[in-house]
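Comments concern the structure below.
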Amino acid sequence: MTDIVDRLRAMAGPIVPNVCTDAADEIERLTRERNAAVRVLRGAQAEIERLRDLVEEAAK
């Protein structure tokens, strides 16, 4: 992702803000949101596995 962001920022030139810097900012924002969502999903998956293990243990 960084490559496209760097390229967009380089294309922007001295005029800021413009569509290139706006696009680069949006890519970075969306990347941060995606990373946060992935962390939440991994935590949820770990909790599901923990609960599944408890259910299996209780069923023995």
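Only the coordinates and a few stated rules stand behind these numbers; no lab work does. This one's a predicted model, so the numbers in the text were calculated from it and none came from an experiment. Every residue, glycine as well, gets a Cβ built from its backbone with ideal geometry; the counts of neighbours run over all protein chains shown.
Structural remarks
- In plain terms, the residue of Asp25, Asp6 with the fewest other Cβ atoms within 10 Å comes first and the most crowded comes last, giving Asp6, Asp25.
- Note on the chain: Cα convex hull, mean projected area over all directions, 4.6 nm².
- Charge dipole of the chain (Cα centre as origin; +1 on each Lys and Arg Cβ, -1 on each Asp and Glu Cβ, all else neutral): 40 debye, rounded to the nearest 20.
- Degrees between helix 2-12 axis and first principal axis of the chain (Cα, 0 to 90, nearest 10): 20
- When Thr2, Thr31, Thr21 are arranged by Cβ crowding within 10 Å, least crowded first, meaning fewest neighbours, the order is Thr2, Thr31, Thr21.
- In this simple spin-label model, placing a label point 7 Å from the Cα along the Cα-to-Cβ direction at both Arg34 and Asp6 gives a separation of 1.8 nm.
- Summed residue charge, Cβ within 14 Å of Ile48's Cβ, Lys/Arg positive, Asp/Glu negative: -1
- Between 0 and 90°, nearest 10: helix 19-59 axis offset from the chain longest Cα axis: 0
- Residue-averaged [θ]222 nm for the chain, counting only DSSP H segments that reach four residues, each worth -39500 (n - 2.57): -31000 deg cm²/dmol
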